[in-house]
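One structure is given here, and the rest of the page talks about it.
The values are calculated or read from the model by the stated rules, or taken from the named source; none is laboratory data. Small disclaimer: the values here were computed from a predicted structure and weren't measured. All Cβ positions, glycine included, derive from the backbone under ideal geometry; neighbour counts span all protein chains shown.
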Amino acid sequence: MTTIAGESKTGDNSEAERSLGPDNGHHDEPISAMVTVCESNLEKSLRFMTSKGETKFAVVLQELQTKFVDWAGYLGVFAVKTASLDHRLGRHQQYRDLVLLVLENLNSGLLQSYARFLLPETTC
């Protein structure tokens, strides 16, 4: 079933039909797990760029990594129990999905930037 801005073609506007992405937009993994993956890939990219002598890129990545860690701490991503971002967004699936979508996009961008340096350049 196709949904557009929370409206279904059948006219039913149930919560299960409102989506932000594929698979009804609902992500099963916790936000904290995706943040951990992003942190790990930021660190790997930073080490890789440093080892390849890409100092300008490494400096930018270091700044972004610092901001990312600050963001995660400010929002309580790894806070205990009811203080955690996962718990606080438990009743707000659309916002939780949005946070996960942004994290997935960040992770995808990190992987692509890393792969760009691994693959040989091609000409069109």
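Across the range 39-91, the qualifying residues are those that are of a type in the set (Ser, Thr, Tyr) and under 19 Å from Glu29 (Cα atoms), and the one among them that is nearest to the chain's Cα centre (by Cα) is Ser40.
Looking only at the range 71-103, which residues are touching a His at 6+ places or on another chain (Cβ under 8 Å) and not aliphatic (A, V, I, L, M)? Result: Lys81, Gln93, Arg96, Asp97. Of all residues in the range 88-121, those that are more than 19 Å from Cys38 (Cα to Cα), out of contact with any helix residue (DSSP H, G or I) (no Cβ under 7 Å at 6 or more places or on another chain) and in contact (Cβ under 8 Å) with a residue 24 or more places away in the chain total 2. Candidates are the residues of the range 112-124 that are outside any helix (DSSP H, G or I) and under 24 Å from Ser45 (Cβ atoms); the one that is modelled with the highest pLDDT is Leu119.
Here's the yes/no breakdown for (1) touching a strand residue (DSSP E or B) at 6+ places or on another chain (Cβ under 8 Å); (2) over 16 Å from Arg96 (Cα atoms); (3) at pLDDT 90 or above:
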| residue | (1), (2), (3) |
| --- | --- |
| Pro22 | no, no, no |
| Glu39 | no, yes, yes |
| Lys44 | no, yes, yes |
| Val60 | no, yes, yes |
| Lys67 | no, yes, yes |
| Gly73 | no, yes, yes |
| Gly76 | no, no, yes |
| Val80 | no, yes, yes |
| Ser84 | no, no, yes |
